[in-house]
Each structure stands twice: as structure tokens, then as C-alpha cells.
Amino acid sequence: LMSGVKNNVGRGINVALVNGKTGELLDTKFFDMWGGDVAPFIEFLKTIQDGTIVLMATYDDGATKLNEEARKLIAELGSTSITNLGFRDNWVFCGGKGIKTKSPFEQ
């Protein structure tokens with residue numbers, strides 16, 4: 001879904017959105033949480049549709065610019081570790097928009 005060869009990954013939080021019914025890749029983006037701005041990331045999270053599988057992984061630093069609103073939106077996707085994510089922590093997550101429980105796929 002994502003790789004350096006496809007040129008769709010970068011420093012910060014890397015995100016892939018997958019249709020929960022068909023398995024079709026919907027979108028990939030990365031958000032620089034060290035030198036970038038958290039606002040585009042928040043707006044992106046707000047546009048995710050119910051039934052979408054959300055895959056996230058950090059590279060370098062994924063936490064410096066994260067604020068409470070961004071962390072809350074990620075928690076709503078099923079994350080339990082996002083509240084503790086710190087500077088240069090490694091983090092991978094698979095959740096979903098509209099999930100009713102916490103995701104077991106997070107480390």
C-alpha cells in the first residue's frame with residue numbers, strides 16, 4: 001500500500017485508508033509532525049468515512065505536533081496508545097471509522 005518506491009511515505013504519521021467492504025485502497029498520505037502543521041492532519045481525519053479501515057505508522061517523529069484534538073480523533077478510530085505517543089516513539093495501528101471497540105492491532 002505504501003512504500004518509498006511508490007513515493008507515498010514520509011517523516012511523521014503515514015496513513016493508508018482502505019474500503020472496509022472491498023479492500024480497495026482509497027488514499028495514502030503522510031503528515032510531518034515535526035516541522036509541519038497538525039491542522040491538515042486533523043482535517044484529513046475528519047473526512048474519513050464510516051466503514052473505512054485506517055492504517056497508520058510513524059517514521060522519525062509522529063508526536064511533537066499532535067494536540068489533544070488530533071489524539072482524540074485517532075482514539076475514536078480505536079487507538080488506545082495514541083494518548084501516550086511521545087517524541088520519536090515507534091507506533092503502528094490498524095483501526096476503523098465507526099469502530100465500536102478498541103483495536104487489538106496496535107503496537
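The values are calculated or read from the model by the stated rules, or taken from the named source; none is laboratory data. Computed from a predicted model, the values in this text were never measured in an experiment. Quick reminder, even Gly has a Cβ in these numbers, built from the backbone with ideal geometry, and neighbours come from all protein chains shown. Each accessible area value is taken on the protein alone, full model and side chains, heavy atoms only, with ligands, DNA and RNA left out. Shrake-Rupley method; radii C 1.70, N 1.55, O 1.52, S 1.80 Å.
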- Looking at this structure, is LEU85 modelled with pLDDT of 95 or more, over 23 Å from VAL18 (Cα atoms) and surrounded by 12 or more Cβ atoms within 10 Å (Cβ to Cβ)? yes
- Message: If I ask for residues that are closer than 20 Å to GLY98 by Cβ and of a type in the set (S, T, N, Q), which ones from the range 13-64 would you list?
- Response: ASN19, THR22, THR47, GLN49, THR52
- Message: Name the single residue that is most open to solvent (accessible area, probe 1.4 Å) among those in the range 71-82 being in a helix (DSSP H, G or I) and of a type outside the set (Val, Ile, Thr).
- Response: LYS72
- Query: Among the residues of the range 17-33, how many are closer than 21 Å to LYS72 by Cβ and of a type in the set (A, V, I, L, M, F, W, C)?
  - Reply: 4
- Report the residue count in the range 96-107 for those that are surrounded by 13 or more Cβ atoms within 10 Å (Cβ to Cβ) and either among the basic types (Lys, Arg) or within 17 Å of PHE30 (Cβ to Cβ) (or both). 2
- Message: Please go through the range 12-46 and give me each residue that is in contact with a strand residue (DSSP E or B) (Cβ under 6 Å, 6 or more places away or on another chain) and basic (Lys, Arg), ordered by number.
- Response: LYS29
